[in-house]
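Trainee: Starting off with a structure, shown below.
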Amino acid sequence: MLPVIAFPYQDPDLLMFPHLQAILPDLKALFKQAYICPPVTTRLQTGLMDWLAKDDFFTVLPLDRQMQIGEHFAYLYGNAARMADPDEIIHLAYIDRLSFALECGYREQFFRDINSLRMEDLPLIFQRSKTAWETHPQNYYEIENFVTAIGKNLFGKSLDYAWCHLVVQAKQLKEILPLARNTDLSMVAEMILMLQSDIKTKEVDWLAWEDPFILARESEELKRERENSLEETHKRLSYALPMIETMLNFALKRNGHETNKKGYHHRDDSEYT
């Protein structure tokens, strides 16, 4: 039986629509159903929404209000887990990464990796390989790999907490989602924290940096631009720092410590005086 896939679909300027159309035959060959969640801004594109509604491959789960990104993902993943059969395999992914993998020379590898998965392989993170990471801007790489390094220090595993492609059973997803409290992007790290005792990983080249392809920019030029951009560094830190705090809190609670209302560990200094 083919697995299903779920991905958020934020496309207010229809940048991704031609890519979605281009990869649709491949998506249908790999997955039996796609759960997608367009936010309010994308729903205003009536031509897109009509196109989606005409194809029963898509189960559209539109948002009726603005949500933070973590809320958006939780709404999509929660509904997908509820609507799928409990034992069904669900791929959680992003449309830009899917488009890059299928349109830029990685199609055969992508098909091979998706079709090779079995129930015993799950839950699984498709992680960026060394080759894939080398295509990313240095600040992007260093910040996300710092999160991975913190996780290894705390939990003994090198995991991509800011994952791009996660594969789980519907019943696993349904079990962990109510426990994910964060409303920002750090909720994806929460998901990994709850799965990490059983999680497996596979490094893949098809998770190379997708932005040059999506934006139709020369890759080295865009890479240099992002590496010299404070905005890019701020963007990466804006989710990496909450991820690190979430990981630390998880480790502290697991070991019986308390945290204060801001989430940081509270030390009773009286024992040192």
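Trainee: How many nm is it between the label spots at Arg254 and Asp50, if each spot is 7 Å from the Cα in line with the beta carbon?
Mentor: 5.2 nm
Trainee: What length, rounded to one decimal in nm, is gained on full extension from Glu221 through to Arg82, with 0.36 nm per residue of separation minus their alpha-carbon distance?
Mentor: Separation in residues times 0.36 nm, less the Cα-Cα distance, equals 45.7 nm.
Trainee: Now a separate question. Note down the accessible area of Asp211, probe 1.4 Å, to the nearest 10 Å².
Mentor: In the full protein context, Asp211 sits at about 30 Å².
Trainee: Rounded if a/c is under 1.5, else prolate if a/b beats b/c, else oblate: with a ≥ b ≥ c from the C-alpha gyration tensor eigenvalues square-rooted, which is the chain?
Mentor: prolate
Trainee: Sticking with this one: Taking the Cβ of Val188 as the centre, find all other residues whose Cβ is under 12 Å away and add up their charges (Lys, Arg: +1; Asp, Glu: -1).
Mentor: -4
Trainee: Explain nothing, just the number: dipole magnitude of segment 42-160 about its Cα centre with +1 on each Lys and Arg Cβ and -1 on each Asp and Glu Cβ, in debye rounded to the nearest 20.
Mentor: Dipole about the Cα centre, nearest 20: 260 debye.
Trainee: Pick from Asp87, Asp56, Asp11: which residue has the top mean-square fluctuation in a GNM of the chain where Cα pairs under 10 Å get a spring?
Mentor: Checking each option, the largest mean-square fluctuation is seen for Asp56.
Trainee: May I ask which of Lys28/Lys200; Lys130/Lys253; Lys202/Lys253; Lys157/Lys200; Lys32/Lys130 have a Cα-Cα span longer than 22 Å here?
Mentor: Distance filter (> 22 Å) returns Lys28/Lys200; Lys130/Lys253; Lys202/Lys253; Lys32/Lys130.
Trainee: Still on this model: With a cap of 15 neighbouring Cβ atoms within 10 Å, and only residues DSSP puts in a loop, list the trypsin sites (Lys or Arg not before Pro) found in segment 128-216.
Mentor: Answer in residue order: Lys157, Arg181.
Trainee: Count the DSSP beta bridges whose two residues both fall in the chain, then state the antiparallel fraction as a percent rounded to the nearest 5.
Mentor: 30 percent
Trainee: In nm, to one decimal, how far is the Thr131 label point from the Leu241 one, both placed 7 Å along Cα→Cβ?
Mentor: Those two pseudo-labels are separated by 3.6 nm.
Trainee: Moving to a separate point now. Relative to the longest principal Cα axis of the chain, at what angle does helix 69-83 sit, 0 to 90 degrees, rounded to 10?
Mentor: 60 degrees
The values are calculated or read from the model by the stated rules, or taken from the named source; none is laboratory data. Quantities reported herein were computed from a predicted structural model and do not represent experimental measurements. Reconstructed Cβ throughout: ideal geometry from the backbone, glycine too, with neighbour counts over all protein chains shown. Accessible surface areas use protein heavy atoms only, side chains included; no ligands, DNA or RNA. Shrake-Rupley method; radii C 1.70, N 1.55, O 1.52, S 1.80 Å.
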